[in-house]
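The values are calculated or read from the model by the stated rules, or taken from the named source; none is laboratory data. Note that the coordinates shown come from a computational prediction; the quantities given were computed from them, not determined experimentally. Glycine gets a Cβ as well: all are built from the backbone with ideal geometry, and neighbour counts include every protein chain shown.
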Amino acid sequence: MFRPTGFADLAGRRVGVFGYGIEGHATESRLRLLGAHCVLVDDDPDAGVLVTGDGGLEALATCDVVVKSPGIARRRRDVLELESRVPVTSALNLWLLDADRSRVIGVTGTKGKSTTTALVDFFLGCLGEHSQRLGNIGLPPYDPSVDTSVGWCVVEISSYQCVDVTVSPRVVVVTSLGADHLDWHGGLAQYQRDKLSLTRAAGAHVTIVPDVTELTSRIDELGGEVVVVPPDDSGLASRLHLLGAHNDQNVAIAIETVARATGRDRREVLQAALAHADGFEPLAGRLTLIARERDGERTWRYVDDGLATAPLPTVAALEVFADDPVALIVGGFDRGVDYGPLARAVGDRRAATTLITTGDVGARIGATVAANAPAVTQYAAADLDDAVGYARAFLAEGGVVLLSPAAPSFDHYRNWEARSADFARAVRARTGSLGRDSNP
């Protein structure tokens with residue numbers, strides 16, 4: 001059976017593209033440049049290509065190879081049946097097989113991977129190194145518009161993508177390990193195995209992890225030269241306008257990553273980052289203050305943490321505002337994750353807290369919180385306008401209206417950016433202003 005060793009092997013071949021979203025479009029563009037004949041298939045009848053259940057699978061089975069997009073679950077029955085007839089791979093894996101992997105840094109993790117990717121890219125720039133952020137945080141590295149022939153490629157890699165990667169970047173970073181995407185992976189244990197599989201891909205590499213129990217207790221499951229990094233205590237995270245103790249950890253592993261990749265001393269990386277700290281722009285949707293409202297001594301802050309699409313980052317967000325009254329807006333698409341840790345975090349808070357639930361998974365989050373913390377006030381909102389209005393009413397004496405959904409947005413929104421934009425619109429309608437500020 002034909003096994004491609006990179007995109008170059010697909011020149012003139014009949015290639016299936018299974019999943020026609022952002023990655024699928026980029027894959028098709030790359031393949032067209034090679035003169036490949038593309039067979040385009042998607043589950044969605046509105047995608048404008050062959051539909052999986054209406055002749056699409058049969059068409060894919062006639063291909064020399066199928067390039068599966070991350071959104072198509074790896075262990076779906078139809079995917080496994082297809083793989084028995086034709087090789088199935090991913091565009092990221094094909095790109096890695098072709099790439100100079102000594103210039104590639106791969107970042108994954110349940111939470112913190114986007115921020116850490118941004119930090120690694122920024123710290124490289126502080127040292128005068130050419131770098132670009134790719135993957136989930138930017139364009140796919142195999143998009144024809146991206147020039148990866150020079151400089152560093154800092155690639156954010158999802159658990160979906162880890163499964164199909166067979167060769168390793170020079171440096172692999174795992175920022176954290178919790179629960180996410182359980183519907184796609186088929187359970188917590190499988191999700192965590194899939195996430196860590198990136199560290200076990202072939203090729204000499206360094207694996208960098210923070211000094212946290214969920215990872216240090218699983219050292220024997222990590223591949224490569226494993227480096228465990230304690231939190232940074234220099235105050236750099238604060239200088240970068242990043243809040244919370246978890247960002248001291250993200251900063252530390254980013255410094256270690258850049259030092260290992262470039263051969264520089266960690267102190268040199270730190271000093272360069274401190275010297276250029278004012279130039280760092282925190283990611284939108286990561287504890288971003290979008291409006292502040294004042295009435296005498298009372299203050300209300302409206303904070304967008306829309307990138308928190310799993311329980312773990314929402315727990316971290318609550319820790320940032322440990323002493324503030326909080327109206328927490330959660331909910332979205334249900335991926336079957338355990339919301340027990342979030343429920344316990346809500347119940348353990350010292351300050352006044354209300355839980356405002358939205359979306360398909362809202363009722364399940366609410367029930368989990370009620371079982372673990374029955375004293376917590378709850379409200380089921382019809383939409384984000386309703387949620388913001390109730391939050392403001394609950395916080396009569398001031399506090400934080402926090403959108404930290406703990407779930408992805410796909411039940412009612414195209415992506416997390418669309419949900420965050422709707423939250424900003426609802427806040428603007430309530431306050432009459434919208435002033436972005438990355439330091440709540």
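Assorted remarks:
- Among the residues of the range 355-383, those identified as assigned to a helix (DSSP H, G or I) and surrounded by fewer than 23 Cβ atoms within 10 Å (Cβ to Cβ) are A363, R364, G366, A367, T368, A370, A371, N372.
- Residues of the range 40-67 that turn out to be in contact with a Leu (Cβ under 6 Å, 6 or more places away or on another chain) and either part of a strand (DSSP E or B) or charged (D, E, K, R) (or both), as a count: 2
- One residue from R436, R335 being touching a Leu at 6+ places or on another chain (Cβ under 8 Å), within 30 Å of A189 (Cα to Cα) and at pLDDT below 95: R335
- Here the condition is being surrounded by 24 or more Cβ atoms within 10 Å (Cβ to Cβ), within 23 Å of the chain's Cα centre (by Cα), of a type in the set (G, A, S) and modelled with pLDDT of 95 or more; of G125, G112, G106, it holds for G106 alone.
- Across the range 247-293, the number of residues qualifying as closer than 30 Å to V427 by Cα, of a type in the set (G, A, S) and outside any helix (DSSP H, G or I) comes to 3.
- Answer from A407, A387 - the residue that is in a helix (DSSP H, G or I), within 29 Å of N136 (Cα to Cα), touching a residue at least 12 places away in the same chain (Cβ under 8 Å) and out of contact with any helix residue (DSSP H, G or I) (no Cβ under 6 Å at 6 or more places or on another chain): A387
- Residues in the range 69-85 that are buried (at least 17 other Cβ atoms within 10 Å of the Cβ), of a type outside the set (V, I, T) and closer than 21 Å to G187 by Cα: S69, P70, G71, A73, R74.
- Residue count for the range 329-354, restricted to those that are more than 14 Å from A407 (Cα to Cα) and outside any helix (DSSP H, G or I): 7.
- Flag set for Y413, criterion: among the aromatic types (F, W, Y) and assigned to a loop (DSSP other than H, G, I, E, B).
- The residue list A259, A252, A201 contains one member that is out of contact with any Leu (no Cβ under 8 Å at 6 or more places or on another chain), under 23 Å from S69 (Cβ atoms), of a type outside the set (D, E) and surrounded by 17 or more Cβ atoms within 10 Å (Cβ to Cβ), which is A201.
- Output for the range 379-401, where each listed residue is of a type in the set (D, E) and closer than 19 Å to R349 by Cα: E397
- Pairs are defined by a Cβ separation below 9 Å, a sequence spacing of at least 6 or placement on different chains, a first member in the range 200-224 that is not assigned by TED's automatic domain parsing to the domain that holds T257, and a second member that is buried (at least 17 other Cβ atoms within 10 Å of the Cβ); no pair meets this definition.
- Residue match in the range 161-172 (condition: within 14 Å of the chain's Cα centre (by Cα) and either in a helix (DSSP H, G or I) or buried (at least 23 other Cβ atoms within 10 Å of the Cβ) (or both)): yes
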